[in-house]
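Scroll down for the structure; my scribbles are underneath it.
The values are calculated or read from the model by the stated rules, or taken from the named source; none is laboratory data. Keep in mind that what you see is a predicted model, and the values were worked out from it rather than measured. Using ideal geometry, Cβ is built from the backbone for each residue, glycine included, and neighbour counts are taken over all protein chains shown.
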Amino acid sequence: MEKENGVSTSVVANVLLTFVITFFIGVQGTIGVNYGTVVNDLPPVEEVAHFLLQKTIINCVRLFDANPSTLRAFAHNGIEVTIIVPNEQIPDLAKLSFAQQ
């Protein structure tokens, strides 16, 4: 084993290999969609959630409101849900009574 600056090249190689393996094991990609409810010609949200889960590789959805029926449709199906909150509501979310509404 060659030594450079007092460090074995096999030690350096092992550390580098461990780093690379750890990095690639921890990397996971996501594909998501935005789901808005302002339009009136959408299929039922239950159909949309089922379609995304069964027929696509989409695993994230971004909602622009916290509609309870929409949240129920995406609950417990493995699709990650993000709810967008308007900036003016962010301070209120720190208040439990507002967040529970």
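Is it true that some residue in the stretch 62-73 is out of contact with any helix residue (DSSP H, G or I) (no Cβ under 7 Å at 6 or more places or on another chain), at pLDDT below 75 and not in a helix (DSSP H, G or I)? No: the stretch 62-73 contains no residue that is out of contact with any helix residue (DSSP H, G or I) (no Cβ under 7 Å at 6 or more places or on another chain), at pLDDT below 75 and not in a helix (DSSP H, G or I). Surrounded by 12 or more Cβ atoms within 10 Å (Cβ to Cβ) and touching a residue at least 24 places away in the same chain (Cβ under 8 Å): does that describe ARG72? Answer is no for this residue.
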